[in-house]
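Chemist: My questions all concern the structure below.
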There are 2 protein chains.
Amino acid sequence: MSKQEASCCEPLSEGPLAEQQAAELSTMFKALGDPVRLRLLSMIASQPDGEVCVCELTPAFDLSQPTISHHLKLLRQAGLVDSERRGTWVYYRVRPETTDRMAAVLSSVSSERRVVTA
Amino acid sequence: MSKQEASCCEPLSEGPLAEQQAAELSTMFKALGDPVRLRLLSMIASQPDGEVCVCELTPAFDLSQPTISHHLKLLRQAGLVDSERRGTWVYYRVRPETTDRMAAVLSSVSSERRVVTA
DNA sequence: CTCTTGCTTCGACATCTTTCAATATTGTAG
DNA sequence: CTACAATATTGAAAGATGTCGAAGCAAGAG
């Protein structure tokens, strides 16, 4: 089957994922690398009208309001959600471009061919 | 902790992502929340025969060999890769079940957001 | 057996994360 | 303007993470 025999280490030139792209993408994955943020995203995404008020998200967790606010900030900075203020309330919605891009990277990994240069 | 007034907000019972699932999935996303590990996965996935020797991965980074080994361990513990020893060398390959599952979660996030014009 | 090579584990340290209480900001109502 | 309600920001403490050098283990060669 596999015969990269000979000398074990030709340094494997460059993976299809460049250093800068990896840095950018890893920020997005890191944002979902926390159970609270994953559930936040899931809650936002599952709303029928595509958006949720922070005041609906906060009481769903056993965490302080500043903590939820901080997690939402990280999701926003990673490009996963958008926020809009309407009156006193702030509404969050998913940015599907970002989740789609992440899904594309993962799919290309499993199809073991070139990673999308997105 | 978080006991807000019920003035504006019905507390949004449960998102579709249960607490335990979120914990499990967040481990996988966290594993890709580092540029080194993302590039490692990408390198492993992009090999024609689906597997790479550690000795090919290590020199591609400006990091010590123990550090690469540690990152590979995290990828393995997250279920993203498998390793197999053959002689002196250890080969890593992607576990597509895991990347597929992550991609499915992300896709559902973006598709659950349906446009309601009402 | 001993030596060498490939890889993993251990111990330590600096940095980054998560979390909270306190405070600030923004918008609405009186 | 004052008061209040919803979010965000700040600052600090506890814990997790990334990294390295040193040591350990496994397998092949002599």
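Chemist: Calculate the FRET efficiency for B:R86 and A:S83 from the Cβ-Cβ distance with a Förster distance of 35 Å, rounded to the nearest 0.05.
Modeler: Working: r = 51 Å, r/R0 = 1.46.
E(calc), rounded to 0.05, equals 0.10.
Chemist: Can you list the copy-to-copy distances for A:P66, using a point 7 angstrom from Cα toward Cβ, in nanometres, shortest first?
Modeler: Output for A:P66: 3.7 nm, nearest copy listed first.
Chemist: Turning to a different aspect of this structure: Can you pull the mean other chain C-beta count within 10 Å for peptide B:51-61? Mind dumping the intermediate values first?
Modeler: Values: counts 4, 4, 5, 2, 7, 7, 4, 3, 4, 6, 2.
Per residue, the average neighbour count from other chains is 4.
Chemist: Let me ask another. Any idea what the A:V90 label distances to the other copies are, label 7 Å down the Cα→Cβ vector, nm, shortest first?
Modeler: For A:V90, the inter-copy label distances come out at 4.4 nm.
Chemist: Let me ask you something else. If each Cα of region A:19-110 is one equal point scatterer, what is log10 of I(q)/I(0) from the Debye formula at q = 0.11, 0.13, 0.26 Å⁻¹?
Modeler: Computed log10 I(q)/I(0) values: -0.32, -0.44, -1.45.
Chemist: On average, how many beta carbons from a partner chain sit within 10 Å of the beta carbon of a residue in A:92-104?
Modeler: Numbers: counts 0, 1, 4, 2, 7, 1, 3, 9, 5, 2, 9, 10, 3.
Taking all residues of A:92-104 together, the mean is 4.
Chemist: Rounded to the nearest 100 Å², what is the sum over both chains of accessible area buried where A meets B, with a probe of 1.4 Å?
Modeler: Separately minus together, A and B give about 4900 Å² buried.
Chemist: Right, next: Give me the 1.4 Å probe accessible area per residue for region B:21-108, excluding ligands and nucleic acids, in Å². Mind dumping the intermediate values first?
Modeler: Details: 3680 Å² over 88 residues.
Ligands and nucleic acids excluded, the result is 42 Å² per residue.
Chemist: Given labels modelled 7 Å from the Cα in the Cβ direction, how far is it in nm from A:A23 to B:L63?
Modeler: If labels sit at A:A23 and B:L63, their model points lie 1.5 nm apart.
Chemist: Remind me, relative contact order of region A:19-110 in percent, using alpha carbon pairs under 8 angstrom and six or more residues apart? Write down the numbers at each step before the final one.
Modeler: Working: 78 pairs, mean separation 28.3, N = 92.
It comes to 31 percent, rounded to a whole number.
Chemist: Give the nm distances, rounded to one decimal, from B:Q77 to the matching residue in every other copy, measuring between label points 7 Å along Cα toward the beta carbon; shortest first.
Modeler: Listed shortest first, these distances are 2.5 nm.
Chemist: For region B:69-85, take each phi angle, set θ = phi - 60°, evaluate the Karplus expression 6.51 cos²θ - 1.76 cosθ + 1.60, and give the result in whole Hz per residue in order, putting x for glycine and proline.
Modeler: Going residue by residue, I get 4, 5, 5, 5, 4, 5, 4, 5, 5, 7, x, 7, 9, 10, 10, 9, 8 Hz, with x marking Gly and Pro.
The values are calculated or read from the model by the stated rules, or taken from the named source; none is laboratory data. Note that this is a predicted model, so its numbers are computed, not measured. Note: ideal-geometry Cβ built from the backbone for every residue, glycine included; neighbour counts use all protein chains shown. Keep in mind that these areas ignore ligands, DNA and RNA; they rest on the heavy atoms of the full protein, side chains included. Shrake-Rupley method; radii C 1.70, N 1.55, O 1.52, S 1.80 Å.
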